[in-house]
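The values are calculated or read from the model by the stated rules, or taken from the named source; none is laboratory data. Because the structure is a prediction, the values reported are computed rather than measured. Ideal geometry is used to build each Cβ from the backbone, glycine not excepted, and the neighbour counts take in all protein chains shown. Just so you know, the surface numbers come from the protein's heavy atoms only, side chains and all, with ligands and any DNA or RNA stripped out. Shrake-Rupley method; radii C 1.70, N 1.55, O 1.52, S 1.80 Å.
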Amino acid sequence: MSPIRSASIAVLASAVLATTLTGCGIGGEPQDTSPIVIAADLELSGASAPIGKVYQRALELKVDQLNASGALGGRQIKLKVKDNRSDAAESLRNINDFSADSEVSAVIMGSCNECAVGAARTIGDKRIPTIALASAGAVTEPVDQRRYVFKLAPNAADSAAALTTELSRRQIRKVAVLHSADGYGQEGLTALRRDFGKTTVRLVGAESVRTTDTEVSTQITDLLAKKPQALILWTTPEQATLAATTARQSKFGGSFFFDASAAGDLFLGPSARSTEQATLIFTQTMVIDDVIATTPAKAARRQWFQDYTARFGGYNGFSSFAADAVQLIADAEQRAGGEPGEVNRDALRDVLETAQLDGLSGPIRMTPDNHSGLMPQALTTLVARGGRWRLAG
C-alpha cells in the first residue's frame, strides 16, 4: 500500500473529513466533476525560500492524498503555485493574477508577514478567500478590514503565554530576548513584556534582527552582557540555531527558549550540541511519534508525519499548517454548494469564517470575530534531546 493511499485511509477515518464526503449524486442529480483550483503564493526563492519549499511540498502531498482518497466525490484539487521571491511587491502581483483567474477558488499564502499584510486590501477588494501561513496578528486584524483573510500559524500571545508559564515553572527570573524586527517579532516582545509583568520574570534586555540577517553576534554579545539566566529566541529557525551556537561559543551556560517561529526540522543537525535541552513551544505534530494515537485525529497526525517523512526524508513542523489550509478549503468547497463547475468565492468565504477542524496542526476554530484559527491548546512544550525535538516531560 502506498504512503498516499494509507494516509487517505487514516484521514478518512476522522470524523472531520467524514463530513466532506460526497456521493454520486442524490435523486439523480449530476455529479460535480469540476476541479477545485487552489492557488499558492509562496517564497520559493529569496531569503525565505527554505520555509516556502516546505510549504510547497506539504501542499503537493496533501493534494495528492485528497485526490487519491475519493473523499471529494468526482472532484479533484488542482494546485497553481507562483513564487513571490520573498518580496511583498511580487506577492501582490501574484494575488492580482490569481484573483483575475476565474477558475481559482481560494489562495494560500506563505510565511511572509509583509506579503500577507500588504496584500490584505487587495484580497478584500477582489473578494478572494485567502489563508495565510504567516504569524503576525496584523494579517487578520482588524477583522472588519480583513474579511477575506484567514490565518493558520501560532499566535504571538499564545506562544508568549506558554513561554512565560514555562519560565515561571523553572523559576527563571532574568531573561533576554532576541526577536525578529518584523511585525510578528515586535508583537511577541510586547506580549512577553505584558505576561512577564504578571510574574517574577524580568526582561533584562532585548535585541532585534532582520529576517534577512545572517550574522547575530553583535546582538548576542549585547544580550549576554546583561547576565540573563535564559535567552528567548523569537526568530527564524536558521537565526535561532545560529544565535544558540554563538551564545555557547561565548560561554553562555543558561537555557534557550524557542518561540514557535523558530521551529523547523525535526532533527537539529549541526546545531544539536548547542541546542541540547533547549525548549520549544510548538504543536504536538512535530513529535507525534512520541505520542500514542488514542484518537482518530492523533492517528491522522501520525500518518501525516510518516508520509511526509517517507516522501521527503525528514520532517518539518510547519508542513502541517499548509496541509490544514488545503483541508479547510476543500471542506469549505463541499459545504458551500452551488451549481456544478461554479466558483462562488463569497459562499466559500462565509463557510471558512465558521470552519472547525481537528487538524493535523491541532484544533482549529474560525469565527466572524477571529480569523486566526489555531487554538492555544494546539501548542505544547518540546525539548531538544539527542539531536532532535522530543515531547517534554
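Annotations
- Residue within region 32-45 that is open to solvent by 30 Å² or more (accessible area, probe 1.4 Å), under 27 Å from Thr214 (Cβ atoms) and modelled with pLDDT of 95 or more present: yes
- Within region 284-297, considering residues that are of a type outside the set (Ser, Thr, Tyr) and out of contact with any helix residue (DSSP H, G or I) (no Cβ under 7 Å at 6 or more places or on another chain), the one surrounded by the most Cβ atoms within 10 Å (Cβ to Cβ): Met286
- Tally of residues being in a helix (DSSP H, G or I), over 17 Å from Leu360 (Cα atoms) and aliphatic (A, V, I, L, M) across region 50-74: 2
The rows are residues; the columns are (1) in contact (Cβ under 8 Å) with a residue 60 or more places away in the chain; (2) open to solvent by 10 Å² or more (accessible area, probe 1.4 Å); (3) under 19 Å from Ala156 (Cα atoms).
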| residue | (1), (2), (3) |
| --- | --- |
| Leu178 | yes, no, yes |
| Thr190 | no, yes, yes |
| Thr199 | no, yes, yes |
| Leu203 | no, yes, yes |
| Pro228 | no, yes, no |
| Thr241 | no, yes, no |
| Thr245 | no, yes, no |
| Ala262 | no, no, yes |
| Ala272 | yes, yes, no |
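- Some residue of region 54-71 being open to solvent by 30 Å² or more (accessible area, probe 1.4 Å) and under 21 Å from Val343 (Cα atoms): yes
- Being more than 23 Å from Tyr184 (Cα to Cα), in a loop (DSSP other than H, G, I, E, B) and open to solvent by 10 Å² or more (accessible area, probe 1.4 Å) is a condition met by at least one residue of region 75-83.
- Here Ile281 passes the criteria (1) open to solvent by less than 10 Å² (accessible area, probe 1.4 Å); (2) more than 23 Å from Arg57 (Cβ to Cβ); (3) assigned to a helix (DSSP H, G or I) except the one numbered (3).
- Applying the criterion of being aliphatic (A, V, I, L, M) and touching a Lys or Arg at 6+ places or on another chain (Cβ under 6 Å) to the residues of region 315-372, the residue that is farthest from Asp265 (Cα to Cα) is Val351.
- If you check Arg147, Arg170 for being open to solvent by 50 Å² or more (accessible area, probe 1.4 Å) and more than 29 Å from Thr367 (Cβ to Cβ), only one passes: Arg170.
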